[in-house]
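What follows is a set of notes on a single structure, which appears directly below.
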Amino acid sequence: ARPGIEPISSRILVGIISAVPRQELPDAHVQGYVGESIKLKCTFKSSSSITDKLTIDWTYRPPSSSRTESIFHYQSFQYPTTSGTFRDRISWVGDVYKGDASISIKNPTIKDNGTFSCAVKNPPDVHHNIPVTELTVTERGFGTMLSSVALLSILVFIPSAVVVVLLLVRMARKSAGLKKRSKSGYKKSSIEVSDDTDQEEENNCMMKLCVRCAECLDSDYEETY
C-alpha cells in the first residue's frame with residue numbers, strides 16, 4: 001500500500017442471501033428463484049470514519065461476457081440504475097454506518113444470471129481486491145412446490161378433517177341413542193306392562209263404582225215418587 005493509504009478490510013461479503021453475515025470468504029455461488037426478491041449482501045469495515053466521500057459501486061457482468069454494467073451507485077444518496085435490465089428493480093437495503101452496503105433485486109429472472117461485485121471506497125481507505133459472486137436464478141422445482149402444499153395441508157386441512165371426524169362420531173352416537181330409545185318404545189319391559197295393567201284395572205273399578213252410585217241415586221229418586 002502507498003504511504004498514507006490504508007487498505008480497507010477484505011471482509012466484504014457479496015451475494016449472501018442469508019440474514020446472518022458470514023465472516024469468512026464470501027459465497028462463490030448464490031441461488032435465487034424467479035419472482036422472489038434476492039438480497040445481495042456486502043459488508044465492509046474501514047479504519048477511517050464514514051464521510052460523504054464514501055462511495056459504493058455495484059456492477060454486473062453477464063455470463064460468457066467481459067462487458068460490465070453499473071447497476072447501483074452510492075455517495076451520500078442512493079443512485080440505482082435508470083437503464084438496462086435492472087431498471088427500477090434495484091433497492092438499497094444497507095446502512096453505511098453499520099458497514100452494510102447490501103442491495104436487493106426485485107422480480108429476478110433467469111436473464112439476471114451472472115457475476116456481481118461490490119466495490120467500497122472510503123478515502124483514504126481503498127479496497128483493491130474486490131470479491132465477486134455468481135448468481136444463478138432458476139424456477140422453483142416441483143419438489144419445493146410439493147413441500148409447500150404438504151405444509152399447507154398439515155396446517156389447514158388436517159385440523160379441519162379432525163374436527164369433521166369428531167362431529168361425525170358425535171352425530172353417529174346421538175343417532176344410535178335415538179334408535180335405541182325408539183326400539184324400547186315398541187317393546188316394553190314386564191314391569192312397564194304390569195304397571196299399565198294395574199292402572200287399567202283401577203280405572204275400570206272407578207268406572208264401575210261411579211255407575212253403581214248413579215244407579216243407587218236413581219232408585220232412591222224413584223222411591224220418593
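Across Ile110, Ile38, the residue with the most accessible area heads the list, and the full order at a 1.4 Å probe is Ile110, Ile38. Computing FRET efficiency as 1/(1 + (r/R0)^6) for Leu155 and Gln78, where r is the C-beta to C-beta distance and R0 is 45 Å, gives about 0.70. In a fully extended conformation the segment linking Asp95 and Val164 would gain 19.7 nm over its present Cα-Cα distance, using 0.36 nm per residue.
The values are calculated or read from the model by the stated rules, or taken from the named source; none is laboratory data. These numbers were taken from a predicted model, which means no experiment stands behind them. Please note: Cβ atoms are built from the backbone with ideal geometry, for glycine as well, and neighbour counts cover all protein chains shown. Ligands, DNA and RNA are stripped out before the accessible areas are found, and what is left, the full protein with its side chains, is counted by its heavy atoms. Shrake-Rupley method; radii C 1.70, N 1.55, O 1.52, S 1.80 Å.
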